[in-house]
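Q: Submitted below is the structure of interest, expressed as structure tokens.
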Amino acid sequence: MKIQTMDDKSSGNGQDSKIDLQSIDVILVTDCGSTTSKARFFRRVGNEYRFIAAGEAPTTVEAPFEDVTQGLRNAVREVEELTGHKLLSSDGIISPREGDNEGVDLYVTTSSAGGGLQMLVTGVVRNITAESAERTALGAGAIVIDVLAINDGHETWERIEKMRFLRPDMILFSGGTDGGNFDHVVQIAEILRSGDPKHRLGNMYSLPIVYAGNRVARAKVDEILGTKYSLKFVDNIRPEPQIENLAPARNAIQEQFMEHVMSHAPGYDKLMKWTPVPIMPTPMGEGTMFKAFAEVNKANLIGVGLGGATTNIYSIYNGKFVRSVSANYGMSYSICNILKEAGLKRIMRWIPLQISEDEVLDILRNKMIRPTTIPQTLDQLLIEHGAAREALRMAFQQHKSITKPLVGDLENFGTLRLDDSRDYEKKESYIDLLNVDWLGGTGGLISHAPRKAQSALILIDGFGVEGVTSLFQDSVFMMPHLGVLSSVHRESAVEIFEKDCLVRLGTCIAFKGQLKDHEYGRRIGTVTLTMPDGEKITEEAAYGTIKKIPLKEGEIAIAEIKPEQGFQIMEKGLLPKLVASRTANVHGGAVGIIIDARGRPIDIPEDDDSRREKLEEWFTALDAYPKTS
């Protein structure tokens, strides 16, 4: 193993720390989630790093405990009981290690407890600097609670009034290109000073502001805001209209988050002393591993972290990484927000039960007020999985709204004028599902689904996948843990991810298109598979059906796909093109090869009896759920 040493001058305990990576054999990683605290225990076995055990317990950020370390201790105690390895002392995690069965060589953690990092972002033009600021904050693991821009359609007094009621953890202040006119930047600074937004943790805390706008305006911004807020200056996120420079602001957000937010949350002062490296927001850990997997496979990938309070979507598309967070689409605390935004009928369209609307409402409401409970009946499981599909659908819609080509190229868009009241043209998302190679999911509901076919169907239905897409899930919800571990010890994180975290579900072949008259049973294409043993299997894709062909993990078949007129398949690449037929390698997995001919968008019958019958047919075809009738 290559010897590496990490010098960390901004470690969690405020001390200089030096970590000799060659000597690391035993690793503990934890995550303080909004609902559940999770511990994952790894160690070197022979010449490789492997996952050994997991522990989980309710998070204790709220009353009566108000100390995140209590929930973490409970999760770590479960690991101790399972392994016989002593990890805890009265002071926290035992480190450095003391013998083979006591302590660890490395302890790191992520967290999204207490609502995560909540940010207000600003920019001069909503579709230029404000949009770049939003992408910056989301990429740093934040929840964006509002966006302020000069052309956002509000009067100045309305913006000031809104500021007075916001309670962010931090503000990202952007605006203007370097060297340009900064009158509008000054105007935003005046709005912030007049609105006087307060820190979410209370008036006694200084609200941090990261300024990443026109560098010429720094002195004036400091004059207006410097005495009232904790102000940090970094490079402009849009130094020129055609250029985004997000990394300096993202790094500053992480630093300010540690200094001004995490240090004040209940119990984090103790937790920060346990680990030699900064605590990473859970979504950032997830995104780090999705990005690493996409880079290793040189593939376009969409990933999702389906949590208790939020749903995070990650896309790595033609080399560009973007993250979005849907703050109110979670599967425990926020499940009734999914109900509110999607509507009851959209959730019930995925439920093959003869059940009243009131019963569905009761189950969803009980989940919200008892967020740590898990489904006890098939009815409850189907209802939660129906809500999960809608959470993914709505979160992906939001994600696509920020995955667009940069607006601001004057050659293509003409002169931009702020006094023009019209909204600047918004281009469609550059993400084309026909050109996505991988779709992966993590989070308690996906990782702990009773059957792998359930995870696969939730991903397929929620995103409406098209073309040829390989599916995977997190085995026991450890992607955030491996993400933060990779920031210190990349070799062990990648090795554990490949061997113990990644569960290949199989490959979905989905035909894009729809028959207006619901002609279920009509052929819309054929798929011929050449199996690893040379056997050829030809399947007709009948409209309104879904079927699976077993193919084990590690096995690859060659698929020749021929869509009928009106349906699409795509030859993938940097310049993808529609073709009459396509040949592709398809990977096996826990479910196998899924041929999805249900139409896009998925054609679900409107009549209740027909809808339930179709859902039952689809679920049975994949052996996803036990029969409900």
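Here, each number is a calculation from the coordinates, and none is a lab measurement. Quick caveat, the model's predicted, so the values are computed rather than measured. Cβ: placed from backbone, ideal geometry, glycine included. Neighbour counts: every protein chain shown.
Q: Ratio to report: Rg/Rh of the range 37-121, with Cα atoms as the point set and Rh obtained by the Kirkwood method; give two decimals.
A: Working: Rg = 14.7 Å, Rh = 14.1 Å.
Taking Rg over the Kirkwood Rh, I get 1.04.
Q: Separate question: For the chain, what does the relative contact order come out to in percent, with C-alpha contacts under 8 Å and a separation of six or more? Intermediate values should be presented prior to the final figure.
A: On the way: 1403 pairs, mean separation 69.1, N = 629.
In percent, rounded to a whole number, it is 11.
Q: What size of dipole, in debye to the nearest 20, comes out for the range 114-274 about its Cα centre when the only charges are +1 on Lys and Arg C-beta atoms and -1 on Asp and Glu C-beta atoms?
A: Numbers: 18 positive and 20 negative charges, 97 e Å.
The dipole of the range 114-274 has a size of about 460 debye.
Q: Which of the three applies to the chain, rounded, prolate or oblate, going by the alpha-carbon gyration tensor with a ≥ b ≥ c and a/c under 1.5 meaning rounded?
A: On the way: a/c = 1.62, a/b = 1.20, b/c = 1.34.
Oblate.
Q: Could you state the per residue volume, in Å³, of the convex hull enclosing the Cα atoms of the range 90-188?
A: Details: hull volume 15.3 nm³, N = 99.
Taking only Cα atoms, the range 90-188 has a hull volume of 154 Å³ per residue.
Q: If you don't mind, another one. What number does the range 114-274 give for Rg over Rh if you use C-alpha atoms and the Kirkwood radius? Mind showing how you got there, number by number?
A: Details: Rg = 14.8 Å, Rh = 15.5 Å.
Ratio of gyration radius to Kirkwood radius for the range 114-274: 0.95.
Q: Further question: With +1 on the Cβ of every Lys and Arg and -1 on the Cβ of every Asp and Glu, and nothing else charged, how large is the dipole of the chain about its Cα centre, in debye rounded to the nearest 20? Let's see the in-between values first.
A: Values: 72 positive and 86 negative charges, 67 e Å.
Computed charge dipole of the chain: roughly 320 debye.
Q: Where does the charge balance sit around Gln514 when Lys and Arg score +1, Asp and Glu -1, over other residues with C-beta under 12 Å from its C-beta? Kindly include the intermediate steps, with their values, before the conclusion.
A: Numbers: positive: Lys512, Lys516, Arg522, Arg598, Arg600; negative: Glu466, Asp517, Glu519, Asp603.
It works out to a net charge of +1.
Q: Where the centre of each part is set by its Cα atoms, how far does the range 349-407 sit from the range 151-213, in angstrom?
A: 35 Å
Q: Lys and Arg at +1, Asp and Glu at -1: add these up for the other residues within a Cβ distance under 11 Å of Arg389 and post the number.
A: On the way: positive: Arg346, Arg349, Arg393; negative: Glu384, Glu390, Asp461.
Its environment carries a net charge of 0.
Q: Where nothing but the Cβ of Lys and Arg (+1) and of Asp and Glu (-1) is charged, how large is the charge dipole of the range 192-307 around its Cα centre, in debye to the nearest 20? If you can, show how the numbers build up before the last one.
A: Details: 14 positive and 11 negative charges, 36 e Å.
So the magnitude is around 180 debye.
Q: While we're looking at this one, here's another question. Please state the equivalent ellipsoid semi-axes for the range 301-621: what are the square roots of 5 times the Cα gyration tensor eigenvalues, largest first, in whole Å?
A: Details: eigenvalues 156, 149, 113 Å².
Semi-axis lengths for the range 301-621 are 28, 27, 24 Å.
Q: Taking every DSSP beta bridge that has both residues in the chain, what percent is antiparallel when rounded to the nearest 5?
A: Values: 72 of 113 bridges.
Counting only bridges with both partners in the chain, antiparallel ones make up about 65 percent.
Q: Given a cut-off of under 8 Å on Cα pairs at least six residues apart, what relative contact order in percent is computed for the range 114-274?
A: Numbers: 317 pairs, mean separation 37.9, N = 161.
Rounded, it is 24 percent for the range 114-274.
Q: On to the next question. For an R0 of 30 angstrom, estimate the FRET efficiency from the Cβ-Cβ distance between Arg50 and Asp533 and round to the nearest 0.05. Walk me through the intermediate numbers first.
A: Details: r = 31 Å, r/R0 = 1.05.
After rounding to 0.05, the efficiency reads 0.45.
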